[in-house]
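These notes are about the structure you will find just below.
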Amino acid sequence: MKTNPVTLILAVVFFFPILKGFLSKFSSPNLKLDIEDINKTISFVFSLFLGIYYSKKIFIEHNAGIYKDIYERIPKNIIRYIENNFFMVYVVLTPLIIFIIYKIIFLILDLLNSITIYPILDKLEDILRDKGNIFKRIFGALFNIPKSICYILLIAFVLNVFSMFVKNDTLNKYLQSSKIYNNICKQAIIPVTNSKIAKKLPNIINNSFKIVVKEEAGKSSSQKNNFKDKKTIVYYNGVTLEEGIKSNKQINNFARHLAAEDATSKGKAKIIYDWIGTNIDYDHDKAKKVLKDNFQVKSGAIPTFNSKSGICFDYSCLFIAMCRANDIKVRLVTGEGFNGVSWVSHAWNQVYIPEEGRWINVDTTFYKGGNYFDTKRFDIDHRKSQIAGEW
């Protein structure tokens, strides 16, 4: 069985400090230095998660409270630069906040240790001096476990951020198949880096969007780029695109009434986006069935509107149907979305805004995870976009 290199790297990173501590034994004269190293490890782990959490609250979400106040006090020219260069949040601002929090936590721990633990360690040194090598080796290994946890979290976080910004299909495949990496991301990284999505839409997408291209003769193949070939029929989660976006009188009347309060295309599209994001729930059971190529479940705008649930393709189809009812030009876009662990197949929409002469990105599936209506952050977790249809 071929070893996953990502899993191998994470395993080596975790066990190396423990093995090193076991081989070098627990040295009494270096006891305080070991405690100081543990303080650094604890400080780094806490600062890593607190830094990510607060940087997202301030620079990405900033919806209310003190985070909104802080964001509004930042000079406008700096805000514009951040919005146009969103990667700066991850490569500059977040590391800076992590460093500041790290220093504060370390100083507090060092002060507490000097008052409480260090006096006890002075007495403990005499006890450890009389112990055998096995005891010292075990103690040395145990004291390096916090350091191992710190290292594996750091490497997993680096891989997570790296995979978001660097397009490498081979790496993405290894990340998807690494159980250790997936568990670390789901248990530790996603709840902090994508707190809202993790709490409200766990496993929001996981390749639960399947595209099959069938030739007229009946042969089928995996996803292709030549969707517009007249000799092929494209099936999205088991239905054709025209079947998926098919509407009815109930949806059309409801959509027109819903968006009637705004006269602009952008305003109407935003109302529809908010309604779908608020009222449609992600169907995890359906996602699991699609993953197993079970297309017996109904897909498209009408089933989604009736059941008030669906997956990404269903969200997008309903958005199209409701936009068309309001004479708004709309597209279905297929590509990949970042689910907090790796890039997986996904679908979203684009809407044409005649008042501004441009198309804007809209993702109703990600609604509960933040603002995905014409936002600068869109390109961070969406890529490889292809226009599957326009109406």
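List the relative contact order of region 5-193 as a percent without decimals, with contacts defined as Cα pairs under 8 Å and 6+ residues apart. Relative contact order for region 5-193 comes out at 48 percent. Hey, how many Å between the Cα centroid of region 331-369 and the Cα centroid of region 32-87? Taking the Cα centre of region 32-87 as reference, the centre of region 331-369 is 26 Å away.
Placing pseudo-labels 7 Å out from each Cα toward the beta carbon at Asp69 and Lys249 gives an inter-label distance of 5.5 nm. Pairs exceeding a 19 Å alpha-carbon distance, out of Lys20/Lys179; Lys32/Lys123; Lys2/Lys384: Lys20/Lys179; Lys2/Lys384. Here the extension length gained between Trp391 and Ile78 equals 108.9 nm, from 0.36 nm per residue of separation less the Cα-Cα distance. Here the extension length gained between His284 and Ala260 equals 5.4 nm, from 0.36 nm per residue of separation less the Cα-Cα distance.
Bear in mind these aren't lab numbers, they're just calculated from the coordinates by the rules spelled out. Model, not experiment: these values are computed from the prediction. Note: ideal-geometry Cβ built from the backbone for every residue, glycine included; neighbour counts use all protein chains shown.
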